[in-house]
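Contents: one structure, followed by commentary.
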Amino acid sequence: MSKMKVGYVGIIGRPNVGKSTLLNYLIGEKIAITSEKPQTTRSQILGIKTTEKAQIIFIDTPGIHKPKHELGSFMNKEAKSVASGVDLLYLIVDVSQPFGVGDNYVLELVKRYKLPVFLILNKIDLITKDELIKLIDDYSKRYDFDEIIPISAFNHTNINRLIDVTKDYLEDGIKYYPDDQVVDYPEQFIISELIREKILFYTEEEIPHSVAVVIEKVIRKKSNFVIYALILVERDSQKGIIIGKQGRMIKQIGIDARKDIEGILGEKIFLELFVRVEKDWRNKKSKLKQLGYIPIEIEE
Ligand SMILES: Nc1nc2c(ncn2[C@@H]2O[C@H](COP(=O)(O)OP(=O)(O)OP(=O)(O)O)[C@@H](O)[C@H]2O)c(=O)[nH]1
Ligand SMILES: [Mg+2]
């Protein structure tokens, strides 16, 4: 068998810096949802990239933030625990945002892991060359990063270089996954995530974060799939907003989600959406577990 570079890369950073956008481009498929709103990703998402000479397993994580409820605490644990199983970390930052307390928190965390760290300066399409040079200078004083790589996940700038340099940090080994496998999650996961993505897109303020989506039933019919999904919200008022005037909002969410889900499944589907109020679900541990947000215990 020919030699291959094989290894795990953890993608870590604050919310909204472009971690999932980068993951999708690295893998070449939409395997994680993205949005303009922070705290989109809620759990680790594994993406497998296999080429002739390498298999790199990327693990996207929720953005690290100050948690306001149990779901937020779960998301932070999920992010931090990635460090225990990877060979290399990508610390992603958004160059269009000033360095602040939150950035410092994540940086201090990453320093403790004793792993090689690539500082990835994302969204360079939003700043000038001079600004970028200054940022690289500032960041190299903060920590001795193994690599500093400016990219635009959105415009696909410099990603090939990122992949090339990554391979240099991986050991020769044997593939963990078959060549055609790109994710390790069940199809139901991405179906529920795509519905949540449309809700994130169409709603504002607290609503995007107060929503969870559960796939209740999938029925295989001769000419299509029928998918029944339940949207959980925390309050009656939120239920009203998701449904919208004369049901217009939920209809639109359904239309958009259906298109994306059909793209992924490669088949026609019929999507039935329901909304239910589940008071304060983000603070209920048993409910979180039921929804698949199962905390990983990590030793500090
Ligand atoms: N201009 C610009 N926008 C970008 C770039 N990369 C990502 N974005 C945008 O940044 C926003 C956040 O992207 P995500 O990939 O969802 O960010 P994330 O880090 O996964 O966020 P969380 O899951 O909340 O932690 C989206 O609106 C993206 O389109 C980039 O290189 N340039
Ligand atoms: Mg994300």
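One table, with the values for the structure above:
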{"item": "Hydrodynamic radius (Kirkwood) for segment 5-172, which is based on Cα pairs only, to one decimal in Å", "result": "15.9 Å"}
{"item": "For segment 187-290, alpha-carbon Rg and Dmax in angstrom", "result": "13.5, 41"}
{"item": "Spacing of the two label points (7 Å from each Cα toward its C-beta) at E206 and Y185, in nm", "result": "2.6 nm"}
{"item": "Segment K37-K167, length gained on full extension (0.36 nm per residue, minus Cα span)", "result": "43.6 nm"}
{"item": "Dipole of segment 5-172, positive end: most advanced residue of H65, Q55, I124 [Cβ charges, Cα centre]", "result": "H65"}
{"item": "DSSP-defined antiparallel bridges as percent of all bridges, segment 5-172, nearest 5", "result": "30 percent"}
{"item": "Estimated [θ] at 222 nm from DSSP helical runs (n ≥ 4, -39500 (n - 2.57)) normalised by residues in the chain, nearest 500", "result": "-10500 deg cm²/dmol"}
{"item": "Gain in span if fully extended, F99 to K259, counting 0.36 nm per residue against the direct Cα distance", "result": "53.8 nm"}
{"item": "Spin-label model distance (nm) - N155 vs F274, 7 Å beyond Cα toward Cβ", "result": "4.8 nm"}
{"item": "E267/E216 FRET efficiency (R0 25 Å; Cβ-Cβ; nearest 0.05)", "result": "0.85"}
{"item": "Entries in K217/K279; K19/K77; K239/K259 that, when Cα-Cα distance is taken, lie over 21 Å", "result": "K217/K279; K239/K259"}
{"item": "Histogram of C-alpha separations across the chain, 20 Å bin width, %", "result": "32, 56, 12, 0"}
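Every number here is computed from the coordinates shown, using simple stated rules; none is lab data. Computed from a predicted model, the values in this text were never measured in an experiment. Quick reminder, even Gly has a Cβ in these numbers, built from the backbone with ideal geometry, and neighbours come from all protein chains shown.
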